[in-house]
1. Restricting attention to the range 181-208, report how many residues are assigned to a loop (DSSP other than H, G, I, E, B), open to solvent by less than 50 Å² (accessible area, probe 1.4 Å) and within 16 Å of LEU146 (Cα to Cα).
2. Restricting attention to the range 162-180, which residues are open to solvent by 50 Å² or more (accessible area, probe 1.4 Å) and closer than 18 Å to ALA236 by Cβ?
3. Going by what's in this entry, would ASN238 be described as polar (S, T, N, Q) and on the phi < 0 side of the Ramachandran plot?
4. Quick check: is even one residue across the range 72-83 at pLDDT 95 or above, under 22 Å from GLU126 (Cα atoms) and touching a Gly at 6+ places or on another chain (Cβ under 7 Å)?
5. Confirm whether SER159 is surrounded by 16 or more Cβ atoms within 10 Å (Cβ to Cβ) and not aliphatic (A, V, I, L, M).
6. Just a yes or no: is a residue in the range 130-140 surrounded by 13 or more Cβ atoms within 10 Å (Cβ to Cβ), in a loop (DSSP other than H, G, I, E, B) and modelled with pLDDT under 95?
7. Here is a check on your reading of the model: is ASP145 surrounded by fewer than 17 Cβ atoms within 10 Å (Cβ to Cβ) and among the charged types (D, E, K, R)?
8. How many of the residues making up the range 216-244 are open to solvent by less than 20 Å² (accessible area, probe 1.4 Å), closer than 15 Å to THR191 by Cα and assigned to a strand (DSSP E or B)?
Amino acid sequence: MSRLLLAAGLAGVIAAPAWAAGDVSQKQPDLTIESTWLQRPAYPMIHAAKVIKNQPFDACLSVKNLGAPSTGFRVSGSPLAGATPFRDLGGLGTGVSKTLCLSYPDAKQTNLTLTLTVDSLAQQTEQSETNNTRALALALASAPDLQVLGVWLQPPTSSAHMAFAKPGQAFLVCFSIKNLGQSPSVASKLTGSAFGGATPSANVPALGASATSSGCLNYPAPTAAGSGSVRLTADALNQVAEGEETNNVITYGFSIHN
């Protein structure tokens, strides 16, 4: 029995972590950054090779404690576009990893390098202070940019343009949409605002750089003379990660009379 107890005791000594040994320096935490990657908020958990100009992005990292258990500490990113993001974390046990992301509002320049720093407030006395930073290269991708460039009225049975809508007659609101960006877009949806009880939409095909497409929205007959307006929204479902999101809406006004 005593031999078994002795063997168990020796096994416990062998299995003990390095920081539990007599060397005081080994009883300190050792925080390091294992890996880094870029990510787009719209597609969490999918690593991105590049970020899109004028679009928000996340700088993500995996932090690991190689030493003794730590107390709380801060992880920070270097400044960019007026933002200096950080996250405060609780303590990490020995060998424990933690994944997190720092959010940036947008990227406007290319060939930039962000610096991510663990324990940026020096809250920990660590075994090594030389492994707390990691550089993350920031490359910009060209992006599509959808914009409605033309709107007109049209009768349902003809391709002729109409100068105005008529009471008692259904009509079409037609549009021309162009990809002003430098890279192709995926297929998307364009919607029209409510008029006469209808809220129509149209499918827009994938568009190459500088490509144009057109379509029409069906609206019911106005009930009386006067005026009307509809608001057209390109990429209404946010299916396209665009370089510019502020030019997707256009309002078109028209008169109604015989």
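1. Of the range 181-208, the ones assigned to a loop (DSSP other than H, G, I, E, B) are 181-187, 193-194, 196-197, 199-200, 205-208.
Cutting the leftovers down to open to solvent by less than 50 Å² (accessible area, probe 1.4 Å) gives us 181, 183, 185, 193, 200, 207-208.
From what is left, the residues that are within 16 Å of LEU146 (Cα to Cα) are 181, 183, 185, 207-208.
Number of matching residues: 5.
2. Listed by number, the residues that qualify are LYS178, LEU180.
3. On the way: polar (S, T, N, Q): yes; on the phi < 0 side of the Ramachandran plot: no.
Considered against the rule, which asks whether it is polar (S, T, N, Q) and on the phi < 0 side of the Ramachandran plot, ASN238 comes out as no.
4. yes
5. Values: surrounded by 16 or more Cβ atoms within 10 Å (Cβ to Cβ): no; not aliphatic (A, V, I, L, M): yes.
Spelling it out, it is not the case that SER159 is surrounded by 16 or more Cβ atoms within 10 Å (Cβ to Cβ) and not aliphatic (A, V, I, L, M).
6. Of the range 130-140, the ones surrounded by 13 or more Cβ atoms within 10 Å (Cβ to Cβ) are 131-134, 136, 138-140.
Cutting the leftovers down to in a loop (DSSP other than H, G, I, E, B) gives us 131-132, 139.
Those still in the list that are modelled with pLDDT under 95 too: 139.
Within the range 130-140, one or more residues are surrounded by 13 or more Cβ atoms within 10 Å (Cβ to Cβ), in a loop (DSSP other than H, G, I, E, B) and modelled with pLDDT under 95.
7. Working: surrounded by fewer than 17 Cβ atoms within 10 Å (Cβ to Cβ): no; among the charged types (D, E, K, R): yes.
It is false that ASP145 is surrounded by fewer than 17 Cβ atoms within 10 Å (Cβ to Cβ) and among the charged types (D, E, K, R).
8. Taking the range 216-244 as the starting set, the residues that turn out to be open to solvent by less than 20 Å² (accessible area, probe 1.4 Å) are 217, 219, 222, 228, 230, 232, 234-235, 240, 242-243.
Now narrow it down to the ones that are closer than 15 Å to THR191 by Cα: 217, 219, 230, 232, 234-235, 240.
Going one step further and asking which of them are assigned to a strand (DSSP E or B), we end up with 217, 219, 230, 232.
Matching residues across the range 216-244 total 4.
The values are calculated or read from the model by the stated rules, or taken from the named source; none is laboratory data. Worth saying up front: this structure is predicted, and the values here are computed from it rather than measured. When we count neighbours, we look across all protein chains shown, and the Cβ atoms used for this are built from the backbone with ideal geometry, even at glycine. The area values use the complete protein model at the heavy-atom level, side chains included, leaving out ligands, DNA and RNA. Shrake-Rupley method; radii C 1.70, N 1.55, O 1.52, S 1.80 Å.
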